[in-house]
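*Asks:* Let me begin by handing over the structure; questions about it come next.
The values are calculated or read from the model by the stated rules, or taken from the named source; none is laboratory data. If you're wondering where the values come from, they're calculated on a predicted model, not measured in any experiment. Using ideal geometry, Cβ is built from the backbone for each residue, glycine included, and neighbour counts are taken over all protein chains shown.
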Amino acid sequence: MSEPIRVLVCDDQALIRTGFVTIIDAQPDLEVVGECGDGRAAVDLAGRLRPDVVVMDVRMPVLDGIEATRRLAGAGVAHPVKVLVVTTFNLDEYVYEALRAGASGFLLKDAPPAQLLHGIRTVATGAALLAPEVTRQLVGRYAARIRPAEGTAGDVPLTPRELEVLRLIADGLSNSEIAAALVISHETVKTYVSRILTKLDLRDRVQAVVYAYRRGLVT
């Protein structure tokens, strides 16, 4: 049997934190390696424990979850940790800021336990926990804020075909939809997506979408 996914739980409400720990530890493929109640403790513990996933609340004392996420998974972090943000606040602003800070996923606290567990497993594999249409809606709404900030389309080190795939990812298309649009196989799309993420040094599809907007590849 493979090693369990190691999880750090960070929430300032003890009751919720205990609930998360209980739910997660009951799974044979998941293991809670630590818990804490503020963002600074989360950063310190993650540095020591090296969890596979940090389940992070947004509103916390000492250091909020967005800034803690930035320190754990943001641009320039030498050894980024995967962060799943879980909050009671269903505000686009929080979702956007969390993803921009480096979070791999976003869930609401009133989601059923199965969704939390699915979220942890999804993020642990390196995938992003946002449906393509949510990504499109979210990043599209904040596109003005992240329009060409660094370089231009001409600076992007991708082949014309890879650029085409990146634009479709940014438009919110799933791998199956991209395969249909370009009349290629699903496996070929997966290869292209993997190659794009590697070439651009991006962690997941959400980062690819933001990158595409920043370079002015989509508007």
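*Asks:* Working only within region 49-66, note down all residues that are closer than 13 Å to residue 6 by Cα and of a type outside the set (A, V, I, L, M). Even if it seems obvious, please write down each step before you answer.
*Replies:* The initial filter retains those residues of region 49-66 that are closer than 13 Å to residue 6 by Cα, namely 49-55.
Correct list: 50, 51, 52.
*Asks:* Any residue at all in region 73-87 that is modelled with pLDDT under 85, surrounded by fewer than 19 Cβ atoms within 10 Å (Cβ to Cβ) and polar (S, T, N, Q)?
*Replies:* Checked against the condition, which is being modelled with pLDDT under 85, surrounded by fewer than 19 Cβ atoms within 10 Å (Cβ to Cβ) and polar (S, T, N, Q), region 73-87 yields no hits at all.
*Asks:* Restricting attention to region 36-64, and to residues there that are under 21 Å from the mean Cα position of the chain (by Cα) and farther than 21 Å from residue 79 by Cβ, which single residue is surrounded by the most Cβ atoms within 10 Å (Cβ to Cβ)?
*Replies:* Among those that are under 21 Å from the mean Cα position of the chain (by Cα) and farther than 21 Å from residue 79 by Cβ, it is 57.
*Asks:* Any residue at all in region 92-103 that's closer than 18 Å to residue 4 by Cα, touching a residue at least 12 places away in the same chain (Cβ under 8 Å) and either of a type in the set (D, E, K, R) or surrounded by 23 or more Cβ atoms within 10 Å (Cβ to Cβ) (or both)?
*Replies:* Scanning region 92-103 turns up no residue that is closer than 18 Å to residue 4 by Cα, touching a residue at least 12 places away in the same chain (Cβ under 8 Å) and either of a type in the set (D, E, K, R) or surrounded by 23 or more Cβ atoms within 10 Å (Cβ to Cβ) (or both).
*Asks:* Hey, among the residues in region 183-219 that are assigned to a loop (DSSP other than H, G, I, E, B) and of a type in the set (Gly, Ala, Ser), which one's surrounded by the fewest Cβ atoms within 10 Å (Cβ to Cβ)?
*Replies:* 185
*Asks:* Does region 132-147 contain any residue that is assigned to a helix (DSSP H, G or I), hydroxyl-bearing (Ser, Thr, Tyr) and either at pLDDT 75 or above or within 30 Å of residue 116 (Cβ to Cβ) (or both)? It would help to see each step written out before you state the result.
*Replies:* Residues of region 132-147 that are assigned to a helix (DSSP H, G or I), as a first pass: 132-141, 143-146.
Now restrict to residues that are hydroxyl-bearing (Ser, Thr, Tyr): 135.
From what's left, either at pLDDT 75 or above or within 30 Å of residue 116 (Cβ to Cβ) (or both): 135.
Checked against the condition, which is being assigned to a helix (DSSP H, G or I), hydroxyl-bearing (Ser, Thr, Tyr) and either at pLDDT 75 or above or within 30 Å of residue 116 (Cβ to Cβ) (or both), region 132-147 yields at least one hit.
*Asks:* Give me a count of the residues in region 3-20 that are polar (S, T, N, Q) and in contact (Cβ under 8 Å) with a residue 24 or more places away in the chain.
*Replies:* Going residue by residue through region 3-20, those that are polar (S, T, N, Q) are 13, 18.
If we keep only those that are in contact (Cβ under 8 Å) with a residue 24 or more places away in the chain as well, we get 13.
Residues flagged as polar (S, T, N, Q) and in contact (Cβ under 8 Å) with a residue 24 or more places away in the chain within region 3-20 amount to 1.
*Asks:* Further question on the same structure: Just to check your reading of the model, which residue among 158, 163 is part of a helix (DSSP H, G or I) and either in contact (Cβ under 8 Å) with a residue 60 or more places away in the chain or more than 20 Å from residue 125 (Cβ to Cβ) (or both)?
*Replies:* 163
*Asks:* Which numbered condition in (1) at pLDDT below 75; (2) surrounded by fewer than 18 Cβ atoms within 10 Å (Cβ to Cβ); (3) not assigned by TED's automatic domain parsing to the domain that holds residue 197 is the only one that residue 118 fails?
*Replies:* (1)
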